[in-house]
Amino acid sequence: MSLRNDIGCGASVAMPRLGNCAARLSSGFPRDRRLGAARSADRQRGVALVISLLLLVVATILAVSMFRSFGVQEKIAGNIREKQRALHAAVTAQQYGEFWLSQGTNAQMVPTTCNTLLNANLLQGQICSNLLKTSVSQDYLAYPDWQIGGADVGVLFTPQTMNVTTTADTGTYYATPRFYISILGPSADGQGTVFQVDARGYGGTANAVSIVESTYAVQSAVVNRGGP
């Protein structure tokens, strides 16, 4: 004699077989868990891929920024170097102008209205009665061409080791240094004469230019030859 049991498997089973039926009913749960774990792993891999791409983008941006920063710093360093070279050229011309005033009777030269360009390397020099800043056609600081009536003025001075060319190259200078000497009048103690020396120098390009100015006093020589 057998008993029918419709508790889950839909077949006539004997009472002792209930455990097998229950086992078959519950066999679907581990499979669901495996599917859920697989989906979770896929999601994790997707998130990891997105994060990796974001990190790659950030690293690329940082690398590009660093290269651009290096380029800007190199340009800044080059501009500073050219500015220093221009300043050195201007100071060299200024110092030569002061040296020229101290030699012999140059400081006693009769001042003249300057409207020409001379060359110190040819032993030329002049003392101007007209100040540079009030005589040039344009602002002598903003426009260092230094022209009066359309003509270049001042005195050129080329140091022996200076290579002057308008073609920019390593160690070259765009233009010859120039100075301009003007008389200011007698010194405060009345023992000499005061002069103003303006000088201009270029670096390797026309954009690298420096202008310096000094006030230079030359004392009058007094010789005691004896007598009453």
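Structural remarks
- Selected residue [of a type in the set (Gly, Ala, Ser), free of Cβ contacts under 8 Å to residues at least 12 places away in the same chain and more than 25 Å from Gln219 (Cβ to Cβ)] from Ala168, Ala151, Ala142, Ala188: Ala142
- Per-region count, segment 133-150, residues surrounded by 14 or more Cβ atoms within 10 Å (Cβ to Cβ) and in contact with a Gly (Cβ under 8 Å, 6 or more places away or on another chain): 1
- Yes/no for Leu131 being of a type in the set (A, V, I, L, M), touching a residue at least 24 places away in the same chain (Cβ under 8 Å), in contact with a Leu (Cβ under 7 Å, 6 or more places away or on another chain) and within 29 Å of Pro186 (Cα to Cα): no
- Exactly one residue out of Val164, Val153, Val212, Val218 is in contact with a Leu (Cβ under 7 Å, 6 or more places away or on another chain) and either under 30 Å from Lys75 (Cβ atoms) or surrounded by fewer than 20 Cβ atoms within 10 Å (Cβ to Cβ) (or both): that is Val218.
- Under the condition of being modelled with pLDDT under 80, of a type in the set (Gly, Ala, Ser) and closer than 30 Å to Ser210 by Cα, the residues counted in segment 61-77 number 2.
- So Val110, is it surrounded by 15 or more Cβ atoms within 10 Å (Cβ to Cβ), at negative phi, in a loop (DSSP other than H, G, I, E, B) and free of Cβ contacts under 8 Å to residues at least 40 places away in the same chain: no
- Filter result for Ile76 (farther than 28 Å from Tyr202 by Cβ and without any contact (Cβ under 8 Å) to a residue 60 or more places away in the chain): no
- One residue alone among Gln126, Gln94 is on the phi < 0 side of the Ramachandran plot, assigned to a loop (DSSP other than H, G, I, E, B) and surrounded by 16 or more Cβ atoms within 10 Å (Cβ to Cβ), and that residue is Gln126.
- Those strands (runs of 3 or more DSSP E) lying entirely in segment 149-209 with at least 1 residues touching a strand residue (DSSP E or B) at 6+ places or on another chain (Cβ under 6 Å) and of a type in the set (Lys, Arg): 178-186, 192-202
- Hey, Leu49 out of contact with any strand residue (DSSP E or B) (no Cβ under 7 Å at 6 or more places or on another chain), assigned to a helix (DSSP H, G or I) and modelled with pLDDT of 85 or more or not: no
- Pick from segment 79-91, criterion under 14 Å from Thr205 (Cβ atoms) and buried (at least 16 other Cβ atoms within 10 Å of the Cβ), ranking: farthest from the chain's Cα centre (by Cα): Ala89
The values are calculated or read from the model by the stated rules, or taken from the named source; none is laboratory data. What you see is a predicted model, and the numbers here were worked out from it, not measured in a lab. A quick note on method: Cβ atoms are made from the backbone with ideal geometry, for glycine too, and the neighbour counts reach across all protein chains shown.
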